[in-house]
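Below: one structure, written as structure tokens.
The values are calculated or read from the model by the stated rules, or taken from the named source; none is laboratory data. Predicted, not measured: the structure shown is a model, and the values here were computed from it. As a convention, Cβ positions derive from the backbone with ideal geometry for all residues, glycine included, and neighbour counts pool all protein chains shown. What goes into the accessible areas is simple: the full protein's heavy atoms, side chains included, and nothing from ligands, DNA or RNA. Shrake-Rupley method; radii C 1.70, N 1.55, O 1.52, S 1.80 Å.
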Amino acid sequence: MENALVLIIEDEPEIAEILEVYFDREGFRTISASDGTIGLTHHQRLKPDLIVLDVKLPGQDGYEILAAIRRRGDTPVIMATALAEDLDKLQALRMGADDYVVKPYNPMEVVARAKAVLRRTSGRNAQQPMRIGVLTVDPTAYLASIDQPGGQVVLDLTRTEFRLLSYMARSPNRVFERSELVDACLPEGEALERTVDSHISNLRRKLALAGADQLLSGVRGVGYKLADHHG
């Protein structure tokens, strides 16, 4: 739960800012979207751990956005609305929301609900180990290793290096832009693209030392990709 990324889809900037402050204070990372289209783009790119989704949005409403999110997967969603009728609550839960808060809400309560939802859904989001060539990344065990003829070599990675490797391992052969890696993997205080280069450089060095120097490569002017060049 520590450092979990919360996507706030809310068209009132003051409300979004207040929620960000409260989530940040509890150790979460946050990103906001002022409408559903931007929210769905963030969801696709950044794979947030939880979404706080307002029902009343410009363009597509929250229910349509929830339906789109559910077609993609089971990211936990807390619906927020100014309507207190039980009917709306039932509709949200029936469509796959994990919880429901009514405006005006106490932001501390929203954070508490988010923690409860993440605890409840952590099992369903437990990730399987990922394999790319000789590399195995196990997000649940926080472990990355390289297969060698003499056995597995466990990589000694920092938290950020592991986060970068794990994030890229979900989509092998895809080129990740630096800006995306900053948003998805770096702590708030380190959000500079040149910092990504430094972390990636250390990660490549550690992979090379373990005999897997071909796995992680730079794509000039764009970013980085993780690929099995021997596959």
Query raised in the report: Once phi is turned into θ = phi - 60°, what whole-Hz ³J(HN,Hα) does the Karplus curve with 6.51, -1.76 and 1.60 give for every residue of region 148-161, x standing for Gly and Pro?
Result: 10, x, x, x, 7, 9, 7, 7, 8, 10, 6, 4, 5, 4
Query raised in the report: Could you list log10 I(q)/I(0) for region 130-226 at q = 0.10, 0.21, 0.22, 0.25 Å⁻¹, which the Debye formula gives when each Cα is one point scatterer?
Result: -0.23, -1.06, -1.16, -1.48
Query raised in the report: If you take the square roots of the eigenvalues of the alpha-carbon gyration tensor of the chain and sort them as a ≥ b ≥ c, do you get rounded (a/c under 1.5), prolate (a/b over b/c) or oblate?
Result: prolate
Report summary line: Taking a ≥ b ≥ c as the square roots of the eigenvalues of the Cα gyration tensor, with a/c under 1.5 meaning rounded and otherwise prolate when a/b exceeds b/c and oblate if not, region 5-122 is rounded
Report task. Using the Kirkwood radius over Cα pairs, work out the Stokes-Einstein diffusion coefficient for region 105-171 at 25 °C and 0.890 mPa s, in µm²/s as a whole number. Result -> 176 µm²/s
Query raised in the report: Top to bottom by accessible area (1.4 Å), largest first, where do Tyr22, Tyr142, Tyr224 land?
Result: Tyr142, Tyr22, Tyr224
**Report entry** Met108, Met95, reordered so the largest accessible area comes first (probe 1.4 Å)
**Finding:** Met108, Met95
Query - Helix-only [θ]222 nm of the chain, DSSP H runs n ≥ 4, -39500 (n - 2.57) each, per residue, nearest 500 - result: -12500 deg cm²/dmol
Query raised in the report: With all protein chains present, how much of the accessible area of the chain (probe radius 1.4 Å) comes from carbon and sulfur, to the nearest whole percent?
Result: 51 percent
Query raised in the report: Applying the Karplus parametrisation 6.51 cos²θ - 1.76 cosθ + 1.60 with θ = phi - 60° to the phi angles of region 91-106, what ³J(HN,Hα) value in whole Hz is obtained for each residue in order, glycine and proline being reported as x?
Result: 4, 4, 5, 5, 7, x, 5, 8, 7, 8, 10, 10, 6, x, 10, 7
Query raised in the report: Which order do peptides 34-40, 194-200 fall in by mean Cβ count within 10 Å, highest first?
Result: 34-40, 194-200
Query raised in the report: Dipole size in debye (nearest 20) for the chain around its Cα centre, Lys and Arg Cβ +1, Asp and Glu Cβ -1?
Result: 980 debye
Query raised in the report: Considering the chain as a Gaussian network with a 10 Å cut-off on Cα pairs, which listed residue, Val111, Val55, Val102, attains the greatest mean-square fluctuation?
Result: Val102
